[in-house]
1. Got at least one residue in the stretch 77-99 being closer than 12 Å to residue 147 by Cβ and either free of Cβ contacts under 8 Å to residues at least 60 places away in the same chain or within 16 Å of the chain's Cα centre (by Cα) (or both)?
2. Identify all residues within the stretch 144-160 that are closer than 16 Å to residue 134 by Cα and either modelled with pLDDT of 95 or more or in contact with a strand residue (DSSP E or B) (Cβ under 7 Å, 6 or more places away or on another chain) (or both); write none if there are none.
3. Within the stretch 35-61, restricting attention to residues that are in contact with a strand residue (DSSP E or B) (Cβ under 8 Å, 6 or more places away or on another chain) and under 11 Å from residue 89 (Cα atoms), which residue is surrounded by the fewest Cβ atoms within 10 Å (Cβ to Cβ)?
4. Just wondering, is there one or more residues in the stretch 6-29 that are at pLDDT 95 or above and assigned to a helix (DSSP H, G or I)?
5. Which of the numbered conditions does residue 107 fail, given that it passes all the others? Conditions: (1) without any contact (Cβ under 8 Å) to a residue 24 or more places away in the chain; (2) under 17 Å from residue 36 (Cα atoms).
6. Does residue 148 satisfy the criteria of being closer than 18 Å to residue 63 by Cα and buried (at least 17 other Cβ atoms within 10 Å of the Cβ)?
7. Please determine, by comparing only the residues of the stretch 130-143 that are closer than 14 Å to residue 110 by Cβ and touching a residue at least 40 places away in the same chain (Cβ under 8 Å), which one is surrounded by the most Cβ atoms within 10 Å (Cβ to Cβ).
């Protein structure tokens, strides 16, 4: 084999290896647990931004919300909007921080996340900490993870 033939053979081999890597490589894609938790993180961010409309968009059209401070079951986006509007969230400076969570993948389109979060609500310009617990069912609707059900209630902290 001549020197030129060896160079060509080496280039062909290198090209074949590169093409096979590209052909068999799969794009990195998050699974249902990661995608649903990312949607829940968007909830926390929208709450902290005091953005009621961004929050409402994270809920399925027929979502059910049992809000931390609500005596009723809120059903549908209009009711969800009313819940957050009644909290006087817009411009309040209130915050939400997810502290601990557990995730159960039901299937590729349904995930349950449960855990603890903390609300910081402003009262007379002073932060008031409100620990809470949550259970959220997120469903994949046309490629978008939305909150289908959320139950939030005050959390009793463990005694030291």
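1. Yes.
2. Kept after step one, since they are closer than 16 Å to residue 134 by Cα, are these residues of the stretch 144-160: 146-157.
The answer is 146, 147, 148, 149, 150, 151, 152, 153, 154, 155, 157.
3. Going residue by residue through the stretch 35-61, those that are in contact with a strand residue (DSSP E or B) (Cβ under 8 Å, 6 or more places away or on another chain) are 35-41, 43-44, 47-48, 58-60.
Filter again for under 11 Å from residue 89 (Cα atoms), leaving 47-48.
Values: 47: 22, 48: 15.
The extreme case among them is 48.
4. The answer is no; no qualifying residue exists.
5. Of everything listed in (1) without any contact (Cβ under 8 Å) to a residue 24 or more places away in the chain; (2) under 17 Å from residue 36 (Cα atoms), residue 107 misses just condition (1).
6. Taking the combined requirement at face value, the residue satisfies it.
7. So the residue we want is 138.
The values are calculated or read from the model by the stated rules, or taken from the named source; none is laboratory data. Computed from a predicted structure; not experimentally measured. Note that we place each Cβ from the backbone using ideal geometry, even for glycine, and neighbour counts take in every protein chain shown.
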